[in-house]
Amino acid sequence: MSERSNQLVAAARGLAQACDALAFAAPVSHVYNPLAYAFDAHRAYLERYGATKKRVVFLGMNPGPFGMVQTGVPFGEIAAVRDWMGIAQGVVKPAQENPKRPIEGFACKRSEVSGRRLWGLFAQRFGTADKFFAEHFVANYCPLAFFDGGRNVTPDKLPATEQAPLLAACDAHLRKLVAAQEPEWLIGVGAWAEQRGRATLAGLDIRFGRVLHPSPASPAANRGWAEAATKQLIEQGVWTA
């Protein structure tokens, strides 16, 4: 492992432990921490693709139920992680499983639309994972997934008293990730991730940008997310035409 990936693995372990110490009340019924039960897969991602200095880091909000929740990789749509990145190991069931959102790992048959769109664009533009990750990386700001029964609860909807210690842990981890990878750009995937990045990294020599979130809940994303995101990245000067 490189020193950079060693730093990322240590930072991820620390974030997992910090998040495991937090408590969340109703209406949250279940909390998944894929940095714990899917850590082997996440570590493989960090070691294989996080080992070098990056020019661009894309920052998502938190894991999706059929993406990182299943694979341990941000926006971790099964086919993208298994077939494009070559990662397909190390996911076990958490101690408290949500019966409405079971952990099936790489046997999960559901597709994470956001991840399919995100990694699909990168595969289309760069071809191989190695070419994409030569200058780019993808991370999530918050590693936890929250559920109210079968309903996904995003971290921005948590009460302020629960958000505060969570954001503190996530801020500390993001600073460590950026210190290890020294990116020129931090690109928020959606507005909330960009806001957290700007707040956390204020004062550092880093440029900020944003792309439209690829969620199917976004009408704009459903009208051609790859084209819209590419246009945004070119207009911001992150990519060239």
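The values are calculated or read from the model by the stated rules, or taken from the named source; none is laboratory data. What you are looking at is a predicted structure, and each value in this text was computed from that prediction instead of being measured. Here the Cβ positions follow ideal geometry from the backbone for every residue, glycine too, while neighbour counts run over all protein chains shown. All accessible areas refer to the heavy atoms of the entire protein, side chains included, with ligands and DNA or RNA removed. Shrake-Rupley method; radii C 1.70, N 1.55, O 1.52, S 1.80 Å.
Results, tabulated for the structure shown:
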{"quantity": "Any hit, region 184-200, residues being open to solvent by less than 60 Å² (accessible area, probe 1.4 Å), within 21 Å of Tyr37 (Cβ to Cβ), of a type in the set (Val, Ile, Thr) and within 13 Å of the chain's Cα centre (by Cα)", "calculated": "no"}
{"quantity": "Tally, over region 81-94, of residues that are open to solvent by less than 40 Å² (accessible area, probe 1.4 Å) and farther than 30 Å from Lys131 by Cα", "calculated": "1"}
{"quantity": "Residues of region 95-128 that turn out to be surrounded by fewer than 17 Cβ atoms within 10 Å (Cβ to Cβ) and assigned to a loop (DSSP other than H, G, I, E, B), as a count", "calculated": "12"}
{"quantity": "Pair list, Cβ under 6 Å, 6 or more apart: region 145-159 residue β-branched (Val, Ile, Thr), other residue open to solvent by less than 10 Å² (accessible area, probe 1.4 Å)", "calculated": "Val153/Phe146"}
{"quantity": "Inter-residue pairs, beta-carbon under 6 Å, first over 17 Å from Leu144 (Cα atoms) and in region 1-25, second open to solvent by less than 40 Å² (accessible area, probe 1.4 Å) and at pLDDT below 95, 6+ apart", "calculated": "Ser2/Ala51; Arg4/Ala51; Ser5/Ala51"}
{"quantity": "Pairs where the first residue, in region 30-43, is surrounded by fewer than 22 Cβ atoms within 10 Å (Cβ to Cβ) and the second is part of a strand (DSSP E or B) and not acidic (Asp, Glu), C-beta under 6 Å, 6+ apart", "calculated": "His30/Phe147; Val31/Phe146"}
{"quantity": "Which listed residue is in contact with a Gly (Cβ under 9 Å, 6 or more places away or on another chain) and of a type outside the set (Val, Ile, Thr), from Ala191, Ala220, Ala229, Ala180", "calculated": "Ala180"}
{"quantity": "Subset tally (residues that are open to solvent by 80 Å² or more (accessible area, probe 1.4 Å) and closer than 26 Å to Glu182 by Cα) for region 223-241", "calculated": "4"}
{"quantity": "Selection status of Ala18, part of a helix (DSSP H, G or I), out of contact with any Asp or Glu (no Cβ under 7 Å at 6 or more places or on another chain) and buried (at least 20 other Cβ atoms within 10 Å of the Cβ)", "calculated": "no"}
{"quantity": "Any chance Arg175 is within 21 Å of Leu35 (Cα to Cα), open to solvent by 60 Å² or more (accessible area, probe 1.4 Å) and part of a helix (DSSP H, G or I)", "calculated": "yes"}
{"quantity": "Of all residues making up region 197-236, the number that are touching a residue at least 12 places away in the same chain (Cβ under 8 Å), more than 21 Å from Phe75 (Cα to Cα) and not in a helix (DSSP H, G or I)", "calculated": "4"}
{"quantity": "Thr154 vs. criteria open to solvent by 40 Å² or more (accessible area, probe 1.4 Å), over 28 Å from Glu235 (Cα atoms) and at pLDDT 95 or above", "calculated": "no"}
{"quantity": "Answer from Phe24, Phe66 - the residue that is of a type outside the set (D, E, K, R), open to solvent by 20 Å² or more (accessible area, probe 1.4 Å) and more than 17 Å from the chain's Cα centre (by Cα)", "calculated": "Phe24"}
{"quantity": "Glu194, sole failed condition from (1) assigned to a helix (DSSP H, G or I); (2) free of Cβ contacts under 8 Å to residues at least 24 places away in the same chain", "calculated": "(2)"}
{"quantity": "Scope region 219-240; condition touching a helix residue (DSSP H, G or I) at 6+ places or on another chain (Cβ under 8 Å) and within 19 Å of Met61 (Cβ to Cβ); matching residues", "calculated": "Ala220, Ala221, Trp225, Ala228, Ala229"}
{"quantity": "Selected residue [at pLDDT below 95 and loosely packed, with under 14 Cβ neighbours inside 10 Å] from Ala220, Ala160", "calculated": "Ala220"}
